[in-house]
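Bear in mind these aren't lab numbers, they're just calculated from the coordinates by the rules spelled out. These numbers come from a predicted model, not from an experiment. Because the Cβ atoms are built from the backbone with ideal geometry, glycine has one as well, and the counts that use them run over all protein chains shown.
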Amino acid sequence: MHRLDFEIDKPRLRRAWGKIDQVFSSHGLTLRRGYDFEEVDRLAALNGIKVLEAHFTPKLNTYTNGRAFWLGLIDSNGRLVGRVCARLDAMVPPMTLTEFWRKYFHRCYPTELGERVVLAPDQPRFAQYITGKTVYLGGTEVNADWRGKKLGGYLNRMAQIEALDEWDADYFYGWMEARTFKNGFLLDCGFARVHEQAVRWLRGGPAPIDDNLILAANSREDVLDMIDRMLDGPPRPVTSKKSAQNQPRIETSEPDGPA
């Protein structure tokens, strides 16, 4: 991925951050940022949210506070009601995202037969051109009592803004399983790109994950455009519910207040 050095307008970035924070405040929620993933797992277990899985669980990962963070929403009773996590993977060319996944999945995931996951030699082309500062977003969960307010989408937008501000990252992405894919959630998160079957497995994918993993993503410029749209124009309603297969590029609606 060739990088173009667009200057980040920090005041605009902070105004976009504040616009989303106002949505949280309107629901009586306080945004909290942390680096201790054991702590956020403890809060999740206490408050009816799933604990973190392979990508962020402290059982398999050790992240320093300069390489990963979590964002949590705390209600007036001190309960965690929503969460998203972000991790920075800094790759120096010629290493690409494809090669990173080849090592990462093999280390972290077993197949249904208990073997280690192996990526097929032939992989989608897009990830073979991505390198540099790459941010993975995952662990999104919202307490059942708070669903329907698009908090997960707002958290993902906020995490992208935070990661751009702190790490000046080049690429942002998250995984969705085909069986649980929701186009509306992808749009709420502000993602502009989607790739179906984003990785190909040699002998089946990780257990119990769907073999068809869909990747939702933004380039650095996409995040800057998202910020511009949030600040400069009215939100565009989502009118299309086409499948990911038919949407390699997706227009997004922007947060303008409580859902």
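Of the residues making up the stretch 147-169, those that are over 14 Å from the mean Cα position of the chain (by Cα) and either of a type in the set (F, W, Y) or assigned to a loop (DSSP other than H, G, I, E, B) (or both) are R147, G148, K149, K150, W167, D168. Within the stretch 99-130, the set of residues being farther than 14 Å from A217 by Cβ and hydroxyl-bearing (S, T, Y) comprises Y104, Y109, T111. Here T30, T57, T64 are screened, and the one residue that is farther than 28 Å from G132 by Cβ and polar (S, T, N, Q) is T30.
Exactly one residue among Q123, Q128 is more than 28 Å from K59 (Cα to Cα) and part of a helix (DSSP H, G or I), and that residue is Q128. Considering the stretch 1-106, the qualifying strands (runs of 3 or more DSSP E), each wholly inside and each with 3 or more residues that are touching a Cys at 6+ places or on another chain (Cβ under 9 Å), run over 68-74. Going through P11, P58 one at a time, which residue ends up being free of Cβ contacts under 8 Å to residues at least 24 places away in the same chain, surrounded by 15 or more Cβ atoms within 10 Å (Cβ to Cβ), farther than 23 Å from Y171 by Cβ and out of contact with any Lys or Arg (no Cβ under 9 Å at 6 or more places or on another chain)? Of P11, P58, the one residue that is free of Cβ contacts under 8 Å to residues at least 24 places away in the same chain, surrounded by 15 or more Cβ atoms within 10 Å (Cβ to Cβ), farther than 23 Å from Y171 by Cβ and out of contact with any Lys or Arg (no Cβ under 9 Å at 6 or more places or on another chain) is P58.
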